[in-house]
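Read through the structure below, which is laid out as structure tokens, and then see the notes.
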Amino acid sequence: MLGICLAVAVFVKHKEDRGVALSAAFTQFLCGIGEPALYGVVMREKKLIGTMVPCDGIAGLILGISKVGCTNFAFTGLLAFGAWLGAENFPFYCLGIAGAIISGFAITAALLKSGQLKEFE
């Protein structure tokens with residue numbers, strides 16, 4: 001959802017939509033709390049819900065193939081990032097997170113540029 005919100009913040013024309021997307025992205029990045037992104041940006045357009053599926057699949061594929069494992073529970077935000085330092089194959093954990101963010105940004109940017117997201121025009 002962070003990649004989706006960043007793409008909306010970069011490519012959308014309306015100032016209000018940009019503000020919602022930026023604040024949701026900030027909350028997601030800093031604290032790992034996804035509800036502002038989910039309800040403020042993603043659920044406004046059905047195609048963005050479908051965008052999350054391949055992005056999470058890419059991350060899951062990277063994490064699964066590289067056998068990333070952890071022994072604790074923590075959110076994925078920057079404030080809780082230290083809790084993940086003990087995860088097995090930590091570099092691949094970072095790669096999986098980056099893959100989800102980058103693919104979310106790229107797919108959402110393509111949808112916005114092609115005019116397929118009517119809610120954000």
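The values are calculated or read from the model by the stated rules, or taken from the named source; none is laboratory data. These numbers come from a predicted model, not from an experiment. Using ideal geometry, Cβ is built from the backbone for each residue, glycine included, and neighbour counts are taken over all protein chains shown. Accessible surface areas use protein heavy atoms only, side chains included; no ligands, DNA or RNA. Shrake-Rupley method; radii C 1.70, N 1.55, O 1.52, S 1.80 Å.
Exactly one residue out of 25, 83, 87 is of a type in the set (Gly, Ala, Ser), touching a Leu at 6+ places or on another chain (Cβ under 6 Å) and free of Cβ contacts under 8 Å to residues at least 40 places away in the same chain, and it is 25. Would a scan of the stretch 88-98 turn up a residue that is outside any helix (DSSP H, G or I) and either open to solvent by 80 Å² or more (accessible area, probe 1.4 Å) or within 20 Å of residue 52 (Cα to Cα) (or both)? Checking the stretch 88-98: at least one residue is outside any helix (DSSP H, G or I) and either open to solvent by 80 Å² or more (accessible area, probe 1.4 Å) or within 20 Å of residue 52 (Cα to Cα) (or both).
Within the stretch 99-120, the set of residues being touching a residue at least 40 places away in the same chain (Cβ under 8 Å), part of a helix (DSSP H, G or I) and more than 15 Å from the chain's Cα centre (by Cα) comprises 111, 112, 113, 118, 119, 120. Within the stretch 59-85, being open to solvent by 70 Å² or more (accessible area, probe 1.4 Å) and in a helix (DSSP H, G or I) holds for 61, 65, 78, 79, 81, 85. For the stretch 73-85, the set of residues classified as more than 29 Å from residue 111 (Cβ to Cβ) and either at pLDDT 90 or above or small (Gly, Ala, Ser) (or both) consists of 74, 80, 82, 83, listed by residue number. Is there a residue in the stretch 35-50 that is open to solvent by less than 50 Å² (accessible area, probe 1.4 Å) and either of a type in the set (Asp, Glu) or in a loop (DSSP other than H, G, I, E, B) (or both)? Yes: one or more hits. Examine the stretch 60-72 for a residue that is of a type outside the set (S, T, N, Q), under 15 Å from residue 104 (Cβ atoms) and within 11 Å of the chain's Cα centre (by Cα), and state whether such a residue exists. No: zero hits.
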